[in-house]
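Trainee: After the structure tokens below, expect a handful of questions from me.
What follows is calculated from the coordinates using simple rules that are stated; it is not laboratory data. Just so you know, these numbers come straight off a predicted model, no measurement behind them. Ideal geometry is used to build each Cβ from the backbone, glycine not excepted, and the neighbour counts take in all protein chains shown.
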């Protein structure tokens with residue numbers, strides 16, 4: 001009887017340790033300027049803030065913006081209108097046997113007046129959401145939901 005109790009206790013401890021080892025925190029946040037959302041904008045220019053993009057965030061962002069109905073332009077607008085956006089992204093990477101996308105942030109700025117329209121961020125520690133795709137999918141779905149767009153189809 002004592003042996004069975006000890007074995008069950010060990011099994012429970014092992015299970016709890018596995019759950020703690022494979023779980024981690026993630027935070028997603030999308031803040032909109034009151035009275036604004038992305039649906040009132042038509043054209044976007046993506047401003048790359050880093051020379052290298054090992055996680056290929058730029059092409060994923062282009063895909064999302066086009067899927068959301070934006071005309072993505074490759075040159076910064078000279079005479080922007082009220083329906084033009086500048087999109088900036090930044091990221092941080094982590095290491096867990098391989099490099100992974102730990103955090104990503106998107107800023108959507110009105111190109112005409114420089115006012116921030118939307119800021120969206122995603123952060124997760126550990127490799128449990130994959131190296132890249134699961135994290136970007138969560139970030140884009142949160143951004144889309146807060147702005148009235150359907151979920152992304154990019155990672156299906």
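Trainee: Most fluctuating residue of 71, 133, 92 in a GNM of the chain with Cα springs under 10 Å: which is it?
Mentor: In the Gaussian network model the winner is 92.
Trainee: Which residue fluctuates the most in the chain, going by a Gaussian network model with Cα springs under 10 Å, if the choices are 141, 31, 79?
Mentor: Judging by the Gaussian network model, the answer is 79.
Trainee: Roughly how tilted is helix 2-22, in degrees to the nearest 10 and between 0 and 90, from the longest Cα axis of the chain?
Mentor: Once rounded, one gets 10 degrees.
Trainee: Have a look at the DSSP beta bridges in the chain and tell me what percent are antiparallel, nearest 5.
Mentor: 75 percent
Trainee: Nearest 0.05, what FRET efficiency do residue 67 and residue 99 give at R0 = 25 Å with Cβ-Cβ as r?
Mentor: My answer for the efficiency is 0.40.
Trainee: Taking a spot 7 Å from the Cα of residue 153 along the direction of its beta carbon, which residues of the stretch 106-146 have an amide N less than 16 Å from it?
Mentor: Answer for the stretch 106-146: 141.
Trainee: Among 98, 33, 81, which one shows the highest mean-square fluctuation when the chain is modelled as a Gaussian network with alpha-carbon springs under 10 Å?
Mentor: It is 98.
Trainee: Once the piece of chain linking residue 42 and residue 133 is laid out straight, how much longer is it, given 0.36 nm per residue of separation minus the C-alpha distance between them? Numbers along the way, then the final one.
Mentor: On the way: separation 91, 0.36 × 91 = 32.76 nm, distance 2.60 nm.
Computed gain between residue 42 and residue 133 is 30.2 nm.
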